[in-house]
Amino acid sequence: MSRSAFSRFGLGVLVVTFACSSLVWGGTASPNYKVLNPISHGNLTIFPVVTSITHDTSRFITLDEGIRSGEVVVTEGGRTSGLIRGPQHRIPVSRAQVNTLVLVNNSKRPLILLAGEIVIGGKQDRVVAKDRVIPAESDPVDFGVFCVEPGRWTETSAQFSTMKSQMAQPSVRKEAMVAQDQHRVWSSVGEANGAIAGALAGSPAAMPGHPPSSYAKTFTDERVRKAIADQAAPVEQSYSSSISQLRDQHAVGVVVAICGRLIWADLFASTALLEKYWPKLVRSYAAEAITTQRAAKPATVSDAQQFLDRTEGNREVIENEPGIYRQSETIAPNFKLFTLASLLPGTGFDLHISKIADVNGYSPEIGKLQ
């Protein structure tokens, strides 16, 4: 593959309109996903998902793994001159920008980026805007992010690290993936920070002064960490205690309900890949659970299975980087379905699927918003 010194991969975008046709999952084969009995605690209910088809994902690295090993480097755009492979290349970015970070993957393995992963440092903390694959030994890549710290524009470090135990909660992650609008992301961050503060003691004033503008710093507050742990730990422990059995059944994901409403599903190409992201994901679901008070009739296994099985849409938007990855968004009246497929040699399968219920959750009884 010929690598440019600096690119957005020159992504091709295709919009397809369907007459409410039935869609299949984005890979070469359509896995048979089965929802199992739920694990519940407080407002949070997790339905494990197993499948008949899994894939070898050992060749990929995650953002956490890459940054921890030093093989993946993330910087502000204006600091990339020392990262170029070869003295002949020059980076055409002269200053840092809110929605721009530069990443170099020096690993010999391709890198998976997931929407909702939080990178901290630089002039502002950011959240990854969409799923994608960065090829092995890449030159600097401009990858899309959204700021989740509107109150700062001063550098804390030249490089970035990740939040190893937390992803953006679904309400924030959704704005980055679906709305793709910085002001909507900031608004969701403000609402989430205020809701977390209010959930701790019934009022935003419970945290000293006001809730921090930094989404990441909210999760470093000891009371917030404890509240999320109290919500997530029983679910995580129940899942971990049965992981051997779930691994034998090829567990690859979960369907998530908050206060009885189905809101989200995350599915991966392998159990191993799910296990890498699971600690961050369950805490993101827990953060949503402690900030949500609306109650509904509890979702059943049948409800969760229907939510997972329904893939009909009337429009599909596809971003394609030939030979690297394809990311598709299927748009339906009451959900969005995002599929990241690897196109690298020897792959050709879906790495990650996110299914997002619109607004207040998915209603399996009438197939529309509640």
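Each value in this text was obtained by applying a stated rule to the coordinates, not by laboratory testing. Note that this is a predicted model, so its numbers are computed, not measured. Heads up, the Cβs are rebuilt from the backbone with ideal geometry, glycines too, and the neighbour counts pull from every protein chain shown.
If you line up the Cα atoms of the range 301-352 on their principal axes, what length do they span on each, largest first, in Å?
The Cα atoms of the range 301-352 stretch 37, 23, 11 Å along their principal axes.
Between their Cα atoms, which of 130/280; 130/174; 34/355; 130/355; 34/130; 217/355 are more than 19 Å away from each other?
34/130; 217/355
What does the charge count around residue 65 come to, taking other residues whose C-beta lies under 15 Å from its C-beta (Lys +1, Arg +1, Asp -1, Glu -1)? Don't jump to the answer; show the numbers that get you there.
Details: positive: 59, 68, 108, 109, 164, 276, 280; negative: 64, 71, 117, 275.
In short, +3.
Residues in the range 264-291, backbone N under 19 Å from the label point at residue 178 (7 Å along the Cα-to-beta-carbon vector): list them, ranges by number please.
Zone members listed by number: 264-267, 284-291.
Starting from 0.36 nm per residue, how many nanometres of slack lie between residue 293 and residue 248 once their C-alpha separation is accounted for? Spell out each step's value before the answer.
On the way: separation 45, 0.36 × 45 = 16.20 nm, distance 3.59 nm.
Length gained, residue 293 through residue 248: 12.6 nm.
If the cut-off is 17 Å between C-alpha atoms, which lysines fall inside it for residue 276, apart from same-chain ones fewer than 8 positions away?
Qualifying lysines at Cα under 17 Å: 164.
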